[in-house]
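Colleague: First, the structure itself, so that you have it in front of you.
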Amino acid sequence: MPSQVHVDHAPWFTESRLGMFVHWGLYALPARHEWVMSFERTSVEDYAAYFERFDPDLYDPREWAKSAKAAGMEYVVLTTKHHEGFCLWDSALTDYKATNTPAGRDLLVPYVQALREAGLKVGFYHSLIDWHHPDFTIDDIHPLRDAPNVEELNASRDMNVYREYLHGQVRELLTNYGKIDYLFFDFSYPEGPMAVRYPGKGKEAWGSVELVDMIRELQPGIIINDRLDVPGDFVTPEQYQPTGAMMSGGKEVPWEACQTLNGSWGYDRDNMDYKSVELLVRMLIDGVAKDGNLLLNVGPTARGEIDPRASATLTGLGEWMRAHGRSIRGAHSTSLVPPADCRFTRSGNRLYLHLFAWPLKVVHLPGLAEHVSYAQLLNDASEIVIEKLDPAQLAINTRPGGQPADTLTLVLPVQRPNVTVPVIELFLNDESELA
């Protein structure tokens, strides 16, 4: 049976299966990872060099939306503010925003408009962390964590003031841009390796319960992730592939694996550790086979463009999705056990066999002999011959031995289809009771 992954107030989420994450901010200028301010222990004063030079003259979110659509994605999630504290919108609560840089404008307005025009769901990411705000207390990931006078500096900081700022900015985001479909908060660390020397931050620091109540009041249809240190609508495993269903608040909820192209979220010019298109397609398939989504990240340049390496990856993903998207969108898991190096997904009365490795001439599917009426390659709709081998048949020379009576045998061409991952579409009988 497919797991209960439906989000009652936003069924689009588990139907879409594939979205685009966009990490973009001042960190695109140093182009050395989005955590550059923390990694290099950069002060607010020194980091201002990027604020003074932020001028994304090639920023056109319609091109982002076009790339997302072409890649088979159905929603986009943009960092409104990352840990550095810089805001892409014209917030009334701070001067540290895009309108006060050479960009000179609110960058969320055209983003939201472009997504709506393209028929994409609108998502916002918002960092709970803020290394620029003067009342955000210094902790183990703060750029000033190694300063000799941390206790003295923290004595003048008030998280109550910051919490009001956080809530006020979220209110702006959910009030000034119309309907927002998705909200990704990042992140809580009340204990663990990020809270060793100094206290970490969790639901008390953020006022998470009150924050969620406000969000639900402002945007009743929105979905919220699980990083507020309180249960969320969905779980966000990061940079790994889950093995199955995931839990939040003691119940099974949808999950979405958020993944980078090269290990960095923001634009990282010299990072060449790019995942191949084939690996990304396999990750997408593997996730859907376990009732999960994939949120795949791009980090635009400081001029506002998706760089050529990321664009090429999106193009490759889109080529596969164009022919195979119906095995992904609206598909879910099944209790059937696939052959080795394969994954099953199902949508309605169609079962999809994704072949990570191409077998020699045949593939055997136990338990399906009486349930499948027709089979075809999904990329070109060419027939795949189906057989039911006599269980008593003896293996003699070139004749294979029989298979158990309930086994469906697919007869494959020797030549593997020239697609990233071949998919066989199996049409189930109307009376099929397969889970």
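The values are calculated or read from the model by the stated rules, or taken from the named source; none is laboratory data. Remember, it's a predicted structure, so these values are computed and weren't measured experimentally. With ideal geometry, Cβ positions are generated from the backbone for all residues, glycine too; neighbour counts draw on all protein chains shown. Heavy atoms of the whole protein, side chains included, go into the accessibility calculation; ligands, DNA and RNA do not. Shrake-Rupley method; radii C 1.70, N 1.55, O 1.52, S 1.80 Å.
Colleague: So for region 160-280: antiparallel DSSP bridges make up what percent, rounded to the nearest 5?
Modeller: On the way: 4 of 8 bridges.
Counting DSSP beta bridges with both partners in region 160-280, the antiparallel share is about 50 percent.
Colleague: For Asn429, enumerate residues with amide H under 5 Å from its amide H, sequence gap 5+ or separate chain, H modeled in the peptide plane.
Modeller: The list, which skips near neighbours in sequence, is Val372, Ser373.
Colleague: Long-range amide H contacts for Lys121: which residues qualify at under 5 Å (H placed 1.01 Å from N, peptide plane, sequence gap of 5 or more or a different chain)?
Modeller: Amide H neighbours of Lys121, under 5 Å, 5+ apart: Tyr75, Val76.
Colleague: If I build a Gaussian network model for the chain, linking alpha-carbon pairs within less than 10 angstrom, which residue out of Gly104, Gly287, Gly202 has the largest mean-square fluctuation?
Modeller: Among Gly104, Gly287, Gly202, the largest mean-square fluctuation in the Gaussian network model of the chain belongs to Gly104.
Colleague: I need the calculated FRET efficiency for the pair Tyr374 and Asp213, taking r as the beta carbon distance and R₀ as 45 Å, to the nearest 0.05. Mind showing how you got there, number by number?
Modeller: Numbers: r = 52 Å, r/R0 = 1.15.
Efficiency for this residue pair is about 0.30.
Colleague: Select one label from [x] 1.04; [y] 1.10; [z] 0.98: the one whose number is Rg/Rh (Cα atoms, Kirkwood Rh) as derived from the coordinates shown.
Modeller: Evaluating Rg/Rh (Cα atoms, Kirkwood Rh) on these atoms matches [x].
Colleague: Kindly flag which residue pairs out of Lys121/Lys179; Lys66/Lys121; Lys251/Lys290; Lys361/Lys388; Lys81/Lys251 have an alpha-carbon separation exceeding 21 Å in this structure.
Modeller: Lys81/Lys251
Colleague: Per DSSP H run of at least 4 residues, take -39500 (n - 2.57); add these up for the chain, divide by its residues and hand me the 222 nm value, nearest 500 deg cm²/dmol.
Modeller: Working: 11 runs with 106 residues, N = 435.
Helices in the chain give a 222 nm mean residue ellipticity of -7000 deg cm²/dmol.
Colleague: Could you go through region 44-50 in sequence order and give the Karplus-derived ³J(HN,Hα) for each residue, using 6.51 cos²θ - 1.76 cosθ + 1.60 with θ = phi - 60°, rounded to whole Hz, and x for Gly and Pro?
Modeller: For region 44-50, the Karplus curve yields 4, 5, 6, 5, 4, 4, 6 Hz.
Colleague: Could I ask something else about it? Take the Cα radius of gyration of region 293-435 and divide it by 2.2 N^0.38 Å, with N its residue count; two decimals is plenty.
Modeller: Working: Rg = 18.4 Å, N = 143, 2.2 N^0.38 = 14.5 Å.
Here the answer is 1.27, to two decimals.
Colleague: Of the accessible area of region 1-150, with the probe set at 1.4 angstrom, what percent is carbon plus sulfur?
Modeller: Numbers: 2640 of 5360 Å².
Carbon plus sulfur share of accessible area: 49 percent.
Colleague: Among the trypsin sites (Lys or Arg not before Pro) within region 79-169, which fall in a DSSP loop and have no more than 10 other Cβ atoms within 10 Å of their own Cβ? Don't skip to the answer; put the middle values down first.
Modeller: Details: sites: Lys81, Lys97, Arg105, Arg116, Lys121, Arg145, Arg157, Arg163; in loops: Arg105, Arg145, Arg157.
When the trypsin sites (Lys or Arg not before Pro) of region 79-169 are filtered for loop state and at most 10 Cβ neighbours within 10 Å, nothing remains.
Colleague: Under 10 Å, Cα contacts only: if you run a Gaussian network model on the chain, which one of Gly401, Gly266, Gly348 comes out with the highest mean-square fluctuation?
Modeller: Among Gly401, Gly266, Gly348, the largest GNM mean-square fluctuation belongs to Gly401.
Colleague: What FRET efficiency comes out for Glu204 versus Ala357 if R0 is 51 angstrom and r is the Cβ-Cβ distance? Round to the nearest 0.05. Before the final figure, lay out each step's value.
Modeller: On the way: r = 50 Å, r/R0 = 0.98.
Rounded to the nearest 0.05, the efficiency is 0.55.
Colleague: For Glu152, Glu74, Glu34, give the ranking by accessible area with the largest first, probe 1.4 Å. Working shown, then result.
Modeller: Details: Glu152 130, Glu74 65, Glu34 5 Å².
Highest to lowest solvent-accessible surface, that is Glu152, Glu74, Glu34.
Colleague: On to the next question. Considering only protein heavy atoms, with the full assembly of protein chains and a 1.4 angstrom probe, order Met246, Met194 by accessible area, largest first. Please list the in-between numbers first.
Modeller: On the way: Met246 35, Met194 70 Å².
Listed by decreasing accessible area, they come as Met194, Met246.
Colleague: Let me ask another. Taking the chain as the reference, fit the longest principal axis to its C-alpha atoms, fit the long axis of helix 61-70 to the helix C-alpha atoms, and give the angle between the two in degrees, 0 to 90, nearest 10.
Modeller: Here the helix axis deviates by roughly 20 degrees.
Colleague: Now, a different point. Please report the accessible area of Glu278 (heavy atoms, 1.4 Å probe, ligands and nucleic acids excluded) in Å², nearest 10.
Modeller: 80
Colleague: For the chain, take the longest principal axis of its alpha carbons; what is the angle in degrees between that and the long axis of helix 108-118, to the nearest 10 within 0 to 90?
Modeller: The answer is roughly 20 degrees.
Colleague: If amide hydrogens are placed 1.01 Å from N in the peptide plane, which non-local residues have theirs closer than 5 Å to the one on Trp255?
Modeller: When sequence neighbours closer than 5 places are left aside, the close amide H contacts are Val235, Asn293.
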